[in-house]
Amino acid sequence: MVNKDAYETLSDDERAALDHYLTTYGGLHDKWGSVPAEKSVKKVIISDENLAQFRETAGMAIQSECIELMAAQQTAKLSIMIFTII
């Protein structure tokens, strides 16, 4: 399924690529679409509120860890630079 208005804004090359993708891989959804039900996989829908809470909580933890790692790397780089200068 493609948004017709968006599709019409694509260049000829982009349309050709999208057409190829849909032709080549579009049938996979039909072929494999029944597999989750056959395997008793349950669909989970996460509310916008829960998703926002998760992003805030996980995002802050990831951001804090990233800052700590970057600071440690920067400290190591500065130590090497100072040792090299001395």
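State whether the residues of segment 28-38 include one that is modelled with pLDDT of 85 or more and part of a loop (DSSP other than H, G, I, E, B).
Quick first cut of segment 28-38, residues modelled with pLDDT of 85 or more only: none.
Checking segment 28-38: not a single residue is modelled with pLDDT of 85 or more and part of a loop (DSSP other than H, G, I, E, B).
Give the number of residues within segment 39-69 that are outside any helix (DSSP H, G or I) and not charged (D, E, K, R). Give the steps one after another, and end with the answer.
From segment 39-69, those outside any helix (DSSP H, G or I) are 39-47; that's our starting set.
Add one more test, that the residue is not charged (D, E, K, R), and what stays is 40-41, 44-47.
Counting residues in segment 39-69 that are outside any helix (DSSP H, G or I) and not charged (D, E, K, R) gives 6.
Kindly establish whether Ala71 is on the phi < 0 side of the Ramachandran plot, of a type in the set (Gly, Ala, Ser) and modelled with pLDDT of 80 or more.
Numbers: on the phi < 0 side of the Ramachandran plot: yes; of a type in the set (Gly, Ala, Ser): yes; modelled with pLDDT of 80 or more: yes.
Against the criterion (on the phi < 0 side of the Ramachandran plot, of a type in the set (Gly, Ala, Ser) and modelled with pLDDT of 80 or more), Ala71 qualifies.
Report yes if some residue within segment 25-38 is open to solvent by less than 100 Å² (accessible area, probe 1.4 Å), farther than 21 Å from Tyr7 by Cβ, of a type in the set (A, V, I, L, M, F, W, C) and out of contact with any helix residue (DSSP H, G or I) (no Cβ under 8 Å at 6 or more places or on another chain); otherwise report no.
First, pick out the residues of segment 25-38 that are open to solvent by less than 100 Å² (accessible area, probe 1.4 Å): 26-28, 33-37.
Now narrow it down to the ones that are farther than 21 Å from Tyr7 by Cβ: 33-37.
Okay, now just the ones that are also of a type in the set (A, V, I, L, M, F, W, C), so 35, 37.
From the residues that got through so far, the ones that are out of contact with any helix residue (DSSP H, G or I) (no Cβ under 8 Å at 6 or more places or on another chain) too are 35, 37.
Looking for residues that are open to solvent by less than 100 Å² (accessible area, probe 1.4 Å), farther than 21 Å from Tyr7 by Cβ, of a type in the set (A, V, I, L, M, F, W, C) and out of contact with any helix residue (DSSP H, G or I) (no Cβ under 8 Å at 6 or more places or on another chain), one finds at least one in segment 25-38, hence yes.
Somewhere in segment 48-55, is a residue at pLDDT 80 or above, open to solvent by less than 60 Å² (accessible area, probe 1.4 Å) and more than 22 Å from the chain's Cα centre (by Cα)? Step through it out loud before you land on a result.
Just the residues of segment 48-55 that are at pLDDT 80 or above, to begin with: 48-55.
Subsequent filtering for residues that are open to solvent by less than 60 Å² (accessible area, probe 1.4 Å) retains 51-52.
Imposing the further condition that a residue be more than 22 Å from the chain's Cα centre (by Cα) reduces the set to none.
Among the residues of segment 48-55, not one is at pLDDT 80 or above, open to solvent by less than 60 Å² (accessible area, probe 1.4 Å) and more than 22 Å from the chain's Cα centre (by Cα), which makes the answer no.
The values are calculated or read from the model by the stated rules, or taken from the named source; none is laboratory data. Predicted, not measured: the structure shown is a model, and the values here were computed from it. When we count neighbours, we look across all protein chains shown, and the Cβ atoms used for this are built from the backbone with ideal geometry, even at glycine. Calculation scope for accessible area: heavy atoms of the full protein, side chains included, ligands and nucleic acids excluded. Shrake-Rupley method; radii C 1.70, N 1.55, O 1.52, S 1.80 Å.
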